[in-house]
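Here the structure is laid out as structure tokens; the discussion comes afterwards.
The values are calculated or read from the model by the stated rules, or taken from the named source; none is laboratory data. Computed from a predicted model, the values in this text were never measured in an experiment. Heads up, the Cβs are rebuilt from the backbone with ideal geometry, glycines too, and the neighbour counts pull from every protein chain shown. Quick note on the areas: whole protein, heavy atoms, side chains included, nothing else; ligands and nucleic acids left out. Shrake-Rupley method; radii C 1.70, N 1.55, O 1.52, S 1.80 Å.
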Amino acid sequence: LNLLLLYCAWWGPGGSPPSCRPPRGIPGVTVLLRDFEDFENDLAGTARSFASLPVPVLVAAETAPYPPVPLPAEVGLLLLRPAADRPPPLAHPELHVRTRHVALVPDGTRAVPGLLERMRDALEEGAGDTRLVVAPVGSVPLRCLELRLDPRAWTARYDTGAPGVCQAVEGTVVLLLRTRDLFALPFPLARPVPTAIFIQAVFRGWGLRVMPVAFPAARRPPVSPHGRWKAENLAETRRRRLMRDLGIKREVLVDGRERWYGCSKETARCFGTVHARTPQYLLAGRWTPPCCLRALRETARHVAGVLEAAGVRYWLEGGSLLGAARLGDIIPWDYDVDLGIYREDVGKCRWLAAAAAGEPVEDTEGFLWEKAAEGDFYRVHYSRSNRLHVDLWPFYPRGGVMTKDTWLGHPQDVEFPESFLHPRVPMSFAGFTAMAPNNARAFLELKFGPGAIENPEYPNPAVKRLGQD
């Protein structure tokens, strides 16, 4: 098989001799061994077990396993990492997997005669949307899960699934599907394999069927502490890479715990420079990544606390007040937080005073305070690395009207009567209580126009309108 693949690949697309054009969809199941570690694996035993059925067996890996594994002679090795001197590995999957069906088998599984064929029959006899069949490995029963994807919010949510109605399962499984379906996926052999396949399947509305019969698991010596540490670190790295590729930044688990894959204080934010008040993710049909919203909430809470402790009078401004009035939170597609402050209070806050002197300053909790380059206002960044920020706009009264010295041309960037701030009132926002103008509706309609609270819209409808996703 390896010689055939090498010979055919050498000819390249369009120039293969007739003997290298295998008939597509040969009946049968090809076994792909993908989920394994180079260290402390059972790859040779798993390959021997399934090659004895006999069925075609391929080991798929970025590079040849090291330390070398004594694979049976009839087992092929499919190298996934591109190399300059050979064609892309998956450019012609029919050269590697010629059968109509393929089974993705985890390391340490033992074959059961006829079970792969039963899985294939269950797939072909299932409902029209059934595209996946899984069978457990070992004696631990599988847990049926409901999997809901919200691409706009970059989120995957797991819940307990009803018996027989699963979008995913928890546990070790052999996963079987049609070869054409596997290689039609954007990430057909990404790891961890089951998670990658389940999520891509849900995106496409594919049904999943669980077999009641299990494959045996090999008896293996316990993994060494060092091997366990390496495996856990590699698994975390792979999962993060997979979620990045699939566009998921938050997983909500069955027990309510969350896994985060987006930006943090130690990284840059998840989006670049914003043009025409329209972040790139809006053009892609998505809203603000949840990690960014979390960082904005944390920054806003911190800044409000610092200002209140220093006696700086502040209030929710612009889109942030709009989010508070509409949702009690940041608008899901917003990318910063706006607060107004009295200009005469700037000197009361040590961090603002330092920023006003012209030097960015990092406070005791790692937030970065600075004077904005665009004009006479201030920014508080989540960190030096992550420039998600709260903008602080210094207003001052003039003849009973609040005005300021920097106007950036935003539609809501207008003067307003100081009476809106006498008194300021508490308002729920982003998980804490912030100060706000005393008549939020009138204030917002002055800035955004009538019906601003009831009629949400993206920041710049001329570029992208809400509802065009």
What are the aspartates and glutamates whose alpha-carbon lies under 14 Å from the alpha-carbon of K464, with same-chain residues fewer than 8 places away excluded?
-> D334
Can you give the accessible area per residue of the range 147-239, in Å², using a 1.4 Å probe?
-> 51 Å²
Cα-based convex hull volume of the range 345-401 per residue, rounded to whole Å³ | 93 Å³
Taking only C-alpha pairs under 8 Å that are 6+ residues apart, what is the relative contact order of the range 67-151 in percent?
-> 14 percent
Determine by what factor the alpha-carbon radius of gyration of the range 163-296 differs from 2.2 N^0.38 Å, reporting the quotient.
-> 1.29
List the pair-distance distribution P(r) of the range 89-172, using every Cα-Cα distance, as the percent of pairs falling in each 5 Å bin from 0 up to the bin containing the longest distance, rounded to whole percents.
-> 3, 11, 16, 19, 20, 17, 11, 4, 0
Under a 5 Å amide H to amide H cut-off, with H placed in plane at 1.01 Å, what residues pair with D38 once short-range neighbours are removed?
-> none
Find out how many positive minus negative residues lie around E298, taking Lys and Arg as positive, Asp and Glu as negative, among other residues whose Cβ is under 11 Å from that of E298.
-> +3
Work out the charge dipole of the chain with +1 on the Cβ of Lys and Arg and -1 on the Cβ of Asp and Glu about the Cα centre, then indicate which of A452, P188, C292 is farthest towards its positive end.
-> P188
Which is farthest toward the positive dipole end of the chain among W393, G25, N438, measuring Cα position about the Cα centre, with Cβ charges +1 (Lys, Arg) and -1 (Asp, Glu)?
-> G25
Accessible surface, per residue, of the range 331-437 when the full set of protein chains is kept, probe 1.4 Å, Å² = 42 Å²
Inter-label distance, nm, simple model (7 Å from Cα along the C-beta direction), T433/K348 = 1.8 nm
Wrap a convex hull around the Cα atoms of the range 23-225, take a quarter of its surface area, and give that in square nanometres.
-> 13.0 nm²
Filtering the chain for DSSP H helices with an axial alpha carbon extent of at least 20 Å and a Kyte-Doolittle mean of at least -1.0 returns 290-310
Dipole magnitude of the range 306-402 about its Cα centre, charges +1 at Lys/Arg Cβ and -1 at Asp/Glu Cβ only, in debye to the nearest 20?
-> 200 debye
Percent RCO, i.e. relative contact order, over the chain, from Cα pairs under 8 Å lying at least 6 residues apart | 11 percent
Reachable lysines, given that their alpha-carbon falls under 24 Å from the alpha-carbon of K230 and they are not under 8 places away in the same chain = K249
Where only C-alpha atoms are counted, convex hull volume of the chain per residue in Å³ | 195 Å³
Peptides 421-430, 194-203: what's the order by average Cβ count within 10 Å, highest mean first?
-> 194-203, 421-430
Relative to the Cα centre, what is the charge dipole magnitude of the range 23-225, using +1 at the beta carbon of each Lys and Arg, -1 at the beta carbon of each Asp and Glu, and rounding to the nearest 20 debye?
-> 280 debye
Would you work out which of L149, A231, L208 lies farthest towards the positive end of the dipole of the chain, given +1 charges on the beta-carbon of Lys and Arg and -1 on that of Asp and Glu, about the Cα centre?
-> L208
Could you check what % of the DSSP bridge pairs in the chain are antiparallel, to the nearest 5?
-> 65 percent
Whole number please: convex hull volume per residue, Cα atoms of the range 280-468, in Å³.
-> 119 Å³
May I ask for the distance between the Cα centers of the range 111-135 and the range 148-214, given as a whole number of Å?
-> 15 Å
Carbon/sulfur fraction of accessible area - the chain, other protein chains in place, 1.4 Å, % = 54 percent
Which ³J(HN,Hα) values in Hz, rounded to whole numbers, follow from the phi angles of the range 173-190 under the Karplus curve 6.51 cos²θ - 1.76 cosθ + 1.60, where θ = phi - 60° and Gly and Pro get x?
-> 9, 8, 10, 10, 7, 6, 4, 5, 5, 4, 7, 8, 6, x, 10, x, 10, 5
Taking a cut-off of 25 Å between Cα atoms, list the lysines near K404, but don't count ones fewer than 8 places away on the same chain.
-> K348, K371, K447
